[in-house]
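Below: one structure in structure tokens.
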Amino acid sequence: MNDLMSVVDWSRAQFALTAMYHWLFVPLTLGLSVIVAIMETIYLRTRSERWLAITKFWMSLFGINFAVGVATGIILEFEFGANWSNYSWFVGDIFGAPLAIEGLLAFFMESTFIAVMFFGWKKVSPRFHLAATWLTAIGASISALWILVANGWMQYPVGMKFDPAQMRNVMDDFWAVAFSPVAMHKFIHAVFSGWCLAGVFVVGVSCWFLLKKRNEAMAKSSIKVGAWVGMAGMLLTMWSGDGSALDVARVQPMKLAAMEGLYKGKCGQEIVAFGILNPAKTPENDEDPYLFDISIPYGLSFLATHSPNAFVPGINDLIDGIEITESGDTINTVSYAQRIELGRRAHESLRAFDSASAQGDTAAMAAAAKELEVNYPYFGYGYLDSPYEAVPPVALTFYSFHIMVILGGYLLLFMLLALWMVYKRPSLLANRLVLWVGMLTIPVVYVCSQAGWVTAEVGRQPWIIQNIMPCKAAISDITVADVQLTFWMFAAVFTAFLAAEVGIMLKTIAKGSKKDYSTVKH
């Protein structure tokens with residue numbers, strides 16, 4: 001058992017490492033492709049050679065980031081087969097469908113038009129080239145759509161049924177999978193957060209130009225486009241975050257409780273604006289959850305249900321069987337101890353079906369299948385040894401969520417100030433402190449982006465498929481040493497990729513700063 005858990009922990013760590021490195025590149029690709037397309041649109045409308053030069057500069061940074069992001073993304077998909085083969089077998093034709101569509105349609109679309117985007121300047125008409133640039137941006141978003149459909153299904157498994165004859169899940173409603181509200185909100189949230197990140201990146205790099213007093217007109221033009229895209233992205237991210245919060249409260253209430261460090265819920269539940277968790281607190285004791293907190297009255301009830309007086313269950317409420325329904329009503333339902341028992345009954349029914357199938361006893365097969373269907377919603381709980389095993393890492397989920405929210409508020413303010421300064425107080429863009437804040441906001445937005453991803457993925461633990469399959473049941477039959485070896489190999493390779501990308505980016509930015517855009521004809 002200890003060896004099994006070590007394989008699970010190392011495999012989770014390896015996948016987290018790969019996903020977090022990959023997520024360094026994806027948001028910038030999503031947002032910068034749109035910014036470049038807008039800049040090229042301005043060029044086509046104005047026929048300004050200066051805007052053409054600006055477009056090509058930011059396009060070169062997009063290309064560097066895109067190439068490295070593809071490499072890390074391919075490795076992620078291979079890890080499902082290498083480290084999570086039980087998962088791949090259990091839900092392969094459901095989870096694999098959106099990934100196949102992403103590979104055949106969206107990525108093909110990206111790779112086709114990105115070639116025209118970079119190498120077609122003098123080979124196709126300006127309008128066709130602009131269309132290729134926009135289609136590259138659209139293709140990047142469509143690619144993200146299908147990946148997030150797959151991820152959203154893991155968070156909220158719909159459109160499927162379990163086939164005991166195959167001992168695996170099969171898809172029975174493609175459109176339920178594709179248009180799951182969880183998947184749609186995740187897609188909108190991820191794509192528009194990429195707009196915000198790319199907007200900050202463009203503003204921050206432009207601040208470096210202004211700090212060095214190089215190509216100031218080009219930098220200010222870039223700030224205008226970047227800040228508008230970033231502002232739109234931030235507002236839409238906040239709007240989609242509201243929808244995601246409603247989804248989490250409805251289908252992943254334990255994640256919501258962990259995000260707030262909430263153990264005992266109540267009507268009119270406040271939300272923690274800032275807090276420090278008590279490390280001694282567990283679901284099994286009566287310790288105060290917080291060492292310090294500043295809370296907003298009724299905030300969590302409104303976030304979870306849009307009703308300030310609604311009851312929001314905490315960790316202990318959920319363990320004891322108190323949940324929130326899809327319509328927002330509170331009910332006494334199946335406790336986690338009962339879920340474990342029902343999950344084990346589902347396992348027994350599956351074994352009985354398999355035994356009856358081997359004997360050709362169709363009546364026994366039908367009876368076992370019927371009992372399995374009744375208890376299947378709790379199938380994953382049958383793998384758990386204790387109700388407390390279903391509680392995610394509270395501290396990591398809590399702090400990552402609050403870091404995301406606090407930094408998101410800062411980024412909204414940053415975008416507002418950037419727009420105000422570039423249009424109303426351009427003299428402030430000569431202030432060194434202002435410019436340093438602009439540059440240092442680049443790592444801030446990356447921390448915010450990573451914190452959001454950690455919240456989404458750590459908050460659903462121990463599940464690889466919510467309520468259906470825990471991570472420890474999804475693992476491949478491999479040794480700890482195998483996973484450790486590949487973990488450190490990937491860590492070294494991805495770090496080298498990141499260092500190379502940053503180095504090439506910095507050289508490209510420095511080279512761009514030496515070009516005098518003021519001499520380019522308008």
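Tally up the carbon and sulfur contribution to the accessible surface of the range 1-119 as a whole percent, 1.4 Å probe, everything protein left in place. Can you show the working numbers first?
On the way: 3260 of 4610 Å².
Answer for the range 1-119: carbon and sulfur cover 71 percent of the accessible area.
For the range 422-484, report the accessible area per residue in Å² (1.4 Å probe, heavy atoms, rounded to an integer). It would help to have the intermediate numbers written out before the result.
On the way: 2660 Å² over 63 residues.
Spelled out: the 1.4 Å probe surface of the range 422-484, per residue, equals 42 Å².
Here is a further query. Of 303, 209, 245, which is farthest along the charge dipole of the range 204-307 in the positive direction, counting Lys and Arg as +1 and Asp and Glu as -1 at C-beta?
209
Also, I was wondering about something else. Taking amide H positions as placed 1.01 Å from N in the peptide plane, with prolines and chain starts having none, which residues 5 or more places from residue 333, or on another chain, fall under 5 Å of its amide H?
322, 323
So what are the three principal axis dimensions of the range 246-379 from its Cα atoms, in whole Å, longest to shortest?
Per principal axis, max minus min of the Cα coordinates gives 64, 33, 19 Å.
Continuing with the same structure: Determine the order of 207, 267 by accessible area, beginning with the largest, at a probe radius of 1.4 Å. All intermediate terms of the calculation are to be shown ahead of the outcome.
Working: 207 5, 267 90 Å².
From most accessible down to least: 267, 207.
Something else: Which loop-located GluC sites (Glu not before Pro) does the range 291-397 contain, where loop means any DSSP state but H, G, I, E or B and the Cβ has at most 12 other Cβ atoms within 10 Å? Walk me through the numbers on the way to the answer.
Values: sites: 323, 326, 341, 348, 371, 373, 389; in loops: 326.
Answer in residue order: 326.
Tell me the carbon and sulfur percent of the accessible area for the range 308-466, rounded to whole percent, probe radius 1.4 Å.
On the way: 4630 of 7480 Å².
Summing carbon and sulfur atoms, their accessible area is 62 percent of the total for the range 308-466.
Would you mind working out the accessible area per residue for the range 161-302, using a 1.4 Å probe, and quoting it in Å²? Spell out each step's value before the answer.
On the way: 5840 Å² over 142 residues.
About 41 Å² of surface per residue is accessible.
Give the dimensionless ratio obtained when the Cα radius of gyration of the range 146-209 is divided by 2.2 N^0.38 Å. Provide the component values of the computation, followed by the final result.
Numbers: Rg = 18.1 Å, N = 64, 2.2 N^0.38 = 10.7 Å.
Dividing the Cα Rg of the range 146-209 by 2.2 N^0.38 Å gives 1.70.
Please say if the range 369-414 is rounded, prolate or oblate, where rounded means a/c under 1.5 for a ≥ b ≥ c the square roots of the C-alpha gyration tensor eigenvalues, and otherwise the choice is prolate for a/b larger than b/c and oblate otherwise?
Values: a/c = 8.79, a/b = 2.70, b/c = 3.26.
Oblate, since a/c reaches 1.5 and b/c is not below a/b.
Another question about this same structure. Please work out the average accessible area per residue across the range 76-127, using the 1.4 Å probe convention, and give it in Å².
54
Please give the net charge around residue 301, taking every other residue with its beta carbon less than 12 angstrom from that of residue 301, where Lys and Arg add +1 and Asp and Glu add -1.
Numbers: positive: 266; negative: 260, 270.
That sum, taken over residues with Cβ under 12 Å, equals -1.
If each residue of separation counts as 0.36 nm, what is the full-extension length gain between residue 242 and residue 166 once their alpha-carbon separation is subtracted? List each step's numbers first, then the result.
Details: separation 76, 0.36 × 76 = 27.36 nm, distance 3.91 nm.
Gain on stretching residue 242 to residue 166: 23.4 nm.
Give me the orientation-averaged projected area of the Cα convex hull of the range 1-122, in nm², one decimal.
Details: hull surface 35.6 nm².
For the range 1-122, averaging the hull's shadow over all directions gives 8.9 nm².
Cα gyration tensor of the range 404-522, axes a ≥ b ≥ c as square roots of the eigenvalues: rounded (a/c below 1.5), prolate (a/b > b/c) or oblate?
oblate
Another question about this same structure. So how tilted is helix 126-155 from the main axis of the chain? Cα-based, degrees 0 to 90, rounded to 10.
Helix 126-155 sits roughly 20 degrees off the main axis of the chain.
Could you tell me what percent of the accessible area of the range 159-228 is made up of carbon and sulfur, with a 1.4 Å probe and every protein chain present?
On the way: 1590 of 2590 Å².
After summing per-atom areas, the C and S share lands at 61 percent.
Mind checking the dipole of the range 334-394: about its Cα centre, +1 per Lys or Arg Cβ, -1 per Asp or Glu Cβ, Debye to the nearest 20? All intermediate terms of the calculation are to be shown ahead of the outcome.
Numbers: 5 positive and 8 negative charges, 17 e Å.
For the range 334-394, the charge dipole is close to 80 debye.
Okay, next question. Local charge sum around residue 417 (other residues, Cβ-Cβ under 15 Å, Lys/Arg +1, Asp/Glu -1)? Display every interim value, and only then the final one.
Values: positive: 220, 224, 424, 425; negative: none.
Once all neighbours under 15 Å are counted, the net charge is +4.
Further question: Rounded to the nearest 10 Å², what accessible area does residue 111 have for a 1.4 Å probe in the complete protein model?
50
Now for a different question. Using Cα pairs under 8 angstrom and six or more residues apart, how large is the relative contact order of the chain, in percent? Working shown, then result.
Values: 827 pairs, mean separation 108.2, N = 522.
RCO, the chain: 21 percent.
Per residue of the range 69-78, what does 6.51 cos²θ - 1.76 cosθ + 1.60 with θ = phi - 60° give for ³J(HN,Hα)? Whole Hz please, x for Gly and Pro, Karplus curve as stated.
x, 4, 4, 6, x, 5, 5, 4, 5, 5
Report Rg/Rh for the chain, rounded to two decimals, where Rg is the Cα radius of gyration and Rh the Kirkwood radius.
On the way: Rg = 25.2 Å, Rh = 24.9 Å.
For the chain, the value is 1.01.
Using the Cα gyration tensor of the range 436-483, with a ≥ b ≥ c the square roots of its eigenvalues, what is the shape: rounded (a/c below 1.5), prolate (a/b larger than b/c) or oblate (neither)? Before the final figure, lay out the partial values.
On the way: a/c = 6.91, a/b = 2.15, b/c = 3.21.
Verdict is oblate for the range 436-483.
Let me ask something else. Which whole-Hz couplings ³J(HN,Hα) result when phi for each residue of the range 214-224 is put into the Karplus expression 6.51 cos²θ - 1.76 cosθ + 1.60, θ = phi - 60°, listed in order with x for Gly and Pro?
Listing the rounded values in order: 10, 6, 5, 5, 4, 5, 5, 5, 5, 4, 4 Hz.
Using modelled backbone amide H atoms (1.01 Å from N, in-plane), which distant-in-sequence or interchain residues come within less than 5 Å of residue 271's amide H?
Placed amide hydrogens put 296, 298, 299, 300 under 5 Å from residue 271.
Based solely on its DSSP helices, what 222 nm [θ] is calculated for the chain when runs of n ≥ 4 H residues each add -39,500 (n - 2.57) and the sum is averaged over all residues, nearest 500 deg cm²/dmol? All intermediate terms of the calculation are to be shown ahead of the outcome.
Details: 16 runs with 363 residues, N = 522.
After summing the helix terms and dividing by residue count, I get -24500 deg cm²/dmol.
With charges set only on the Cβ (+1 for Lys and Arg, -1 for Asp and Glu), what does the dipole of the range 113-255 come to about its Cα centre, in debye to the nearest 20? Working shown, then result.
On the way: 13 positive and 6 negative charges, 169 e Å.
My answer is approximately 800 debye.
The values are calculated or read from the model by the stated rules, or taken from the named source; none is laboratory data. Being a predicted model, the structure only gives us computed values, none of them experimental. Note that we place each Cβ from the backbone using ideal geometry, even for glycine, and neighbour counts take in every protein chain shown. Calculation scope for accessible area: heavy atoms of the full protein, side chains included, ligands and nucleic acids excluded. Shrake-Rupley method; radii C 1.70, N 1.55, O 1.52, S 1.80 Å.
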